[in-house]
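The structure appears right after this line, and notes come after that.
Any read-out appearing in this document is the output of simple, stated calculations on the displayed coordinates, not a laboratory observation. Note that this is a predicted model, so its numbers are computed, not measured. Here Cβ is always computed from backbone atoms with ideal geometry, including for glycine, and neighbour counts include all displayed protein chains.
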Amino acid sequence: MGYCKTLAVGLFAMLLLAPAVLATDPDPLQDFCVADLDGKAVSVNGHTCKPMSEAGDDFLFSSKLAKAGNTSTPNGLAVTELDVAEWPGTNTLGVSMNRVDFAPGGTNPPHIHPRATEIGIVMKGELLVGILGSLDSGNKLYSRVVRAGETFLIPRGLMHFQFNVGKTEASMVVSFNSQNPGIVFVPLTLFGSNPPIPTPVLTKALRVEAGVVELLKSKFALGF
Ligand SMILES: *[C@@H]1O[C@H](CO)[C@@H](O)[C@H](O)[C@H]1NC(C)=O
């Protein structure tokens, strides 16, 4: 095939794919596709569907977010996830939710959702919400104390955190435009990866002595 023809075919393919590139999760091709979480025989971009006749009718409802999580954790944080693994009915629909409870002073450490934009509402208390722009923004920190009833927006892929600045427990509910938004916790990823990032990489990157890196690694040796 000549170069021009290859180029033309390539451009045509890009035009065809453009809407898919702009979307997040792929569009469904049926009313529902309740995830068969045990379906191991076939691998697709998502989970395979249970037969409609076996799906039942409770896949459209969940009460898992009704209860507060236990915030007696190292970060004073309890995340109750409602992604496709917890709510198989969301499979192929491009949505999911979390409930997050915070002890006073509790924090949801800096993290990234690689596959979703997040939109959230504070249900109780006062949360400092911080969103970090990429270098394009001049590395800007956008932040505000968000109170009960108020909402916030986290563009896909940007690093962000929440911190309970109030005197009481706080909680929020967040939604994602992905059935499986994924999460990259920055401190855990840098200092608790498996296997660990070699210390010389981190001493150079962070401009500190090896002892500082080893100390930070020790804090995440047991995971989250
Ligand atoms: C919360 O978790 C802590 C630490 O694991 C535990 O001691 C406590 O009993 C839990 N509280 C409830 C209400 O489950």
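Annotations for the structure displayed:
- The Cα-based radius of gyration of the range 142-181, divided by its Kirkwood radius, gives an Rg/Rh of 0.96.
- Cα point-scatterer Debye curve for the chain, base-10 log of I(q)/I(0) at q = 0.17 Å⁻¹: -1.27
- Stretching Thr168 away from Lys64 to a fully extended chain increases their span by 35.2 nm, per 0.36 nm per residue minus the current alpha-carbon distance.
- Within a straight-line Cα-Cα reach of under 20 Å, Lys67 can be paired with the following lysines, leaving aside sequence neighbours fewer than 8 residues apart in one chain: Lys124.
- Placing a label point 7 Å from the Cα of Ile121 along the Cα-to-Cβ direction, the residues of the range 135-157 whose backbone N falls under 15 Å of that point are 147-153.
- Taking amide H as placed 1.01 Å from N in the peptide plane, Val146 has its amide H under 5 Å from the amide H of Leu127, Leu128, Val129, each at least 5 places away in sequence or on another chain.
- Averaging the Cα positions of each part gives two centres, and for the range 132-165 and the range 38-67 these lie 32 Å apart.
- A cut-off of 5 Å between modelled amide H atoms, ignoring neighbours fewer than 5 places along the same chain, links Met159 with Leu132.
- Computed label-point distance, nm, for sites Glu150 and Leu216 using a 7 Å Cα→Cβ extension: 3.1 nm
- Shown here is the pair-distance distribution of the range 121-215: with all Cα-Cα distances grouped in 5 Å bins from zero up to the longest one, the shares run 3, 11, 16, 16, 17, 17, 11, 8, 2, 0 percent.
- Eligible lysines near Lys50 by straight Cα distance, threshold 24 Å, same-chain separation 8 or greater: Lys40, Lys64
- Relative to its residue count, the range 73-141 spans a Cα convex hull of 124 Å³ per residue.
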